[in-house]
1. Quick one: pull the percent of accessible area on region 44-237 belonging to carbon and sulfur, 1.4 Å probe, ligands and nucleic acids left out.
2. Below 14 angstrom from the Cβ of residue 156, what's the summed charge of the other residues (Lys, Arg +1; Asp, Glu -1)?
3. Give me the dipole magnitude in Debye, nearest 20, for the chain about the Cα centre, with unit charges on the beta carbon: positive for Lys and Arg, negative for Asp and Glu.
4. Mean residue ellipticity at 222 nm from the helices of the chain, using -39,500 (n - 2.57) per DSSP H segment of n ≥ 4 over the full residue count, to the nearest 500 deg cm²/dmol?
5. Using DSSP to call loops (not H, G, I, E or B), can you name the chymotrypsin sites (Phe, Trp or Tyr not before Pro) in region 174-236 whose Cβ has at most 16 other Cβ atoms within 10 angstrom?
6. GNM on the chain, C-alpha springs below 10 Å: top fluctuator among 56, 132, 178?
7. Hey, got a sec? Which GluC sites (Glu not before Pro) in region 120-169 land in a DSSP loop and have at most 12 other Cβ atoms within 10 Å?
8. Does the chain come out rounded, prolate or oblate, given a ≥ b ≥ c as the square roots of the eigenvalues of its C-alpha gyration tensor, rounded meaning a/c under 1.5 and, failing that, prolate meaning a/b above b/c?
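The values are calculated or read from the model by the stated rules, or taken from the named source; none is laboratory data. These numbers come from a predicted model, not from an experiment. Cβ coordinates were reconstructed from backbone atoms using ideal geometry, including for glycine residues, and neighbour counts include every protein chain displayed. Note: accessible area is taken over every heavy atom of the protein model, side chains too, but ligands, DNA and RNA are not part of it. Shrake-Rupley method; radii C 1.70, N 1.55, O 1.52, S 1.80 Å.
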Amino acid sequence: MTDQYTFRNPVTAYEQVEPPEQSQPEPGLDSKMMPKADLGEDTYRGTGRLDGRKALITGADSGIGAATAIAFAREGADVVMSYLPEEEEDAARIAELIEKAGRKAVKVPGDLKDSAMCRQLVETAVRELGGLDILVNNAGKQVAQEALGDITDVEFDHTYKTNVYAMFWLTKEALPHLPAGSSIINTTSIQAYSPSETLVDYASTKGAINNFTKGLAQQLAPKGIRVNAVAPGPIWTPLQPSGGQRTQDLPEFGKETPVGRAASRPSSPRRTCSWPQPSPAT
Ligand code: NAD
Ligand code: MG
């Protein structure tokens, strides 16, 4: 069986995704993507590293958050899943996979732009899991715009509320419940270091997330709580065809990376066996 421990060439081990032009309304559904995102559902093998842990993951219905939820469950954690109500279809599929791993899945739909909702989410997590020791602030909003003048005040506000304020509200609410040994993980982005001209608002939220993470890590380390950020490069997820990229840019998505591709599904064994692969088009 192929899993994340299989020795493979990372350049050819995963599919070269060349997504056809497509678009979905925000927030986008994994079930409507062509091709589908890779969530590790067929490959991730747990080894008990999170046995008995209690995790709250935002944006757990799809993309990076869903992959995290599946991996955490297979490592032994119970998971509270936050997502938007219109993503129920994606969320139900992930909850099923968590339960199949023998862990508890608690679905809590709601809009994180609302501070009261963030507080309720943490309360629900603590009640349903009997505590909390992992908080993953992963939900995010990304809408590409050609010019600064195209970003409305409302959109700017929504991007900051989703990416930055919700992280603050959730972390503040969760902190009194987190025992020593707990972990807070924030999803930032390559955009924090290398902003695209079309993502000025989004990229600046990721800069804020980095800085927040580093400051809070110093504050909480003496209490035994680790605070880290993960900065992905381009990953094929519903965020991208639902406004995250300009539609015409999708077929080239991720080709600028050193391995010449976005993060995606493992290639079929037949394809990986036929090494060397042709170099990806640039
Ligand atoms: P995704 O669309 O699968 O996940 C984003 C999730 O955010 C959605 O599923 C949704 O549930 C949640 N969300 C958005 N607005 C919300 C709101 N108002 N209330 C509640 N939930 C809300 O896409 P993804 O790429 O997996 O994104 C996850 C994180 O990864 C984001 O923070 C994104 O910025 C970051 N990221 C993605 C990439 C990439 O290339 N896909 C690269 C770097 C960082
Ligand atoms: Mg989603």
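1. 52 percent
2. Counting the neighbours of residue 156, the net charge comes to -2.
3. 1220 debye
4. The helix contribution divided over the chain gives -9000 deg cm²/dmol.
5. 193
6. 178
7. 146
8. Oblate is the answer for the chain, as a/c is 1.5 or above yet b/c matches or exceeds a/b.
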